[in-house]
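Heads up: the structure comes next, in structure tokens.
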Amino acid sequence: MDFKTIAGIASGLCLFSCIVLTSCSSDAEEPGDNRKLRQLTIAEVPLTRATLTDNTNTLGASWNADDKATYFNLSSFRADNMDSGELTAVSSAATSTFTGSVICTTGDNLALFYPATNPTYLGSDRGKFSINLDNQKGTLQDVAEHYHYTYGVGTVTSVTENTADATISSMKSLLAVCKFTFNDGSSTIPVETLEIRYADNDPQYGLSILGYPLTGTVTPAVDAGSVVATATSAMNNPLTINCETSDVVYAALFPVENQDFHFTVTNGSGTYTGTARASLREGKYYRVNLTLTKE
């Protein structure tokens, strides 16, 4: 959905596209009794990440050899057990085999989370993954390497004493990626620093500038389609992107519905601000051009 004009600000164009965990029974006949450390191979893991390429209307993606992802055994997770670790991409391609040492047995469901991030081991968020959007640099490479969070679920199809094989159908992107350009009505505004905040444009009380949620959580589930990146409450701090003076800024943002955004761009010529409304979908790519006003 487009960034829509608010108070004369031009809209941008959108062009791109529970822990519900199964537990291991204590019955002697359960296959989980054969669960042990094995060398796992997941063949042909598809991707919406790693190396990102701007194809004008879409983002292309491919794995890089040695990319690290985290596995999380959904089937063995319980109050006193959590099996997780790293898997490594074998090749640089749109699909790649992943290998690594995994505690598993036949039929286990394994969540795959990229980039490699340890799940939380203690407290109310135990078993969840954390997302942090702070310290972005505004480049597509930076988004690809550090902020393009993806999730999928594979199933162990067969095991031997020391090895295991698994399959996975898809990986889903959990965030939206935006390509921002800004203008002052006549020319492009070079960006040294971009600050993004939520805003509340109340008809009675006017515009209130808020902060932006810099962190969030992902709750693993066997149904990958139900898994979402849940942002923490927006505090007073903005999402600040420091650039090396660029006409284009790429940013990874949380999905959101009908939210007002406030933008502040600073450079050697001064400060520019503006507000726009947008709905951002997970896995979508947005090319956004906004008209800002110089302060």
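Just grab the label-to-label distance for T95 and T271, each label 7 Å out from Cα along the Cβ direction, in nm (one decimal).
In this crude label model, T95 to T271 measures out at 5.2 nm.
Please work out whether the stretch 197-248 counts as rounded, prolate or oblate from its C-alpha gyration tensor, where a ≥ b ≥ c are the square roots of the eigenvalues and a/c under 1.5 means rounded, while otherwise a/b larger than b/c means prolate and anything else oblate?
In terms of gyration-tensor shape, oblate.
Rounded, prolate or oblate: which fits the stretch 34-158, taking a ≥ b ≥ c as square roots of the Cα gyration tensor eigenvalues, rounded meaning a/c under 1.5, else prolate when a/b beats b/c?
Taking the square roots of the gyration eigenvalues as a ≥ b ≥ c, the stretch 34-158 is oblate.
How would you rank 180-190, 120-130, highest first, on the average number of other Cβ atoms within 10 Å across their residues? Intermediate results must be reported in sequence, preceding the final value.
Numbers: 180-190: 14.9, 120-130: 13.2.
Per-residue mean Cβ counts within 10 Å order the peptides as 180-190, 120-130.
Go through K36/K284; K36/K172; K36/K137 and tell me which ones have a Cα-Cα distance over 30 Å in this structure.
Table pairs above 30 Å Cα-Cα are K36/K284; K36/K137.
Suppose the chain between T245 and K294 were pulled fully straight at 0.36 nm per residue; how much longer would it get relative to their current alpha carbon spacing?
Extra length available between T245 and K294 comes to 15.9 nm.
What is the extension gain from T217 to T163, computed as 0.36 nm multiplied by their sequence separation minus the C-alpha to C-alpha distance, in nm to one decimal?
Answer, rounded to one decimal: 16.2 nm.
Let me know the shape class of the stretch 164-218, please: from the alpha-carbon gyration tensor, a ≥ b ≥ c as square roots of the eigenvalues, rounded when a/c is under 1.5, otherwise prolate if a/b is greater than b/c, or oblate.
It comes out oblate by the Cα gyration axes.
Between D108 and residues 5 or more places away or on another chain, which pairs have amide H atoms under 5 Å apart, with H built 1.01 Å from N, and which residues are they?
Here V156 satisfy the definition.
How many nm separate the modelled label positions at N132 and T188, each set 7 Å beyond the Cα in the direction of the Cβ?
My value for the distance between the label points is 3.2 nm.
State, to one decimal in nm, how far the label point of A65 lies from the label point of K172, with both points 7 Å from Cα in the Cβ direction.
Taking the simple label geometry, A65 and K172 are separated by 3.3 nm.
Just read off the accessible area of E86 with the full protein assembly in place, 1.4 Å probe, to the nearest 10 Å².
100
Give me the percent of accessible area attributable to carbon and sulfur for the stretch 115-230, probe 1.4 angstrom.
So the carbon and sulfur contribution to the accessible surface is 47 percent.
Full-extension gain between V256 and D125, please, as 0.36 nm times their residue separation minus the C-alpha to C-alpha distance.
45.0 nm is the gain from fully extending V256 to D125.
Would you mind working out the accessible area per residue for the stretch 117-198, using a 1.4 Å probe, and quoting it in Å²?
42
The values are calculated or read from the model by the stated rules, or taken from the named source; none is laboratory data. No experiment lies behind these values; they were computed from the predicted model shown. All Cβ positions, glycine included, derive from the backbone under ideal geometry; neighbour counts span all protein chains shown. What goes into the accessible areas is simple: the full protein's heavy atoms, side chains included, and nothing from ligands, DNA or RNA. Shrake-Rupley method; radii C 1.70, N 1.55, O 1.52, S 1.80 Å.
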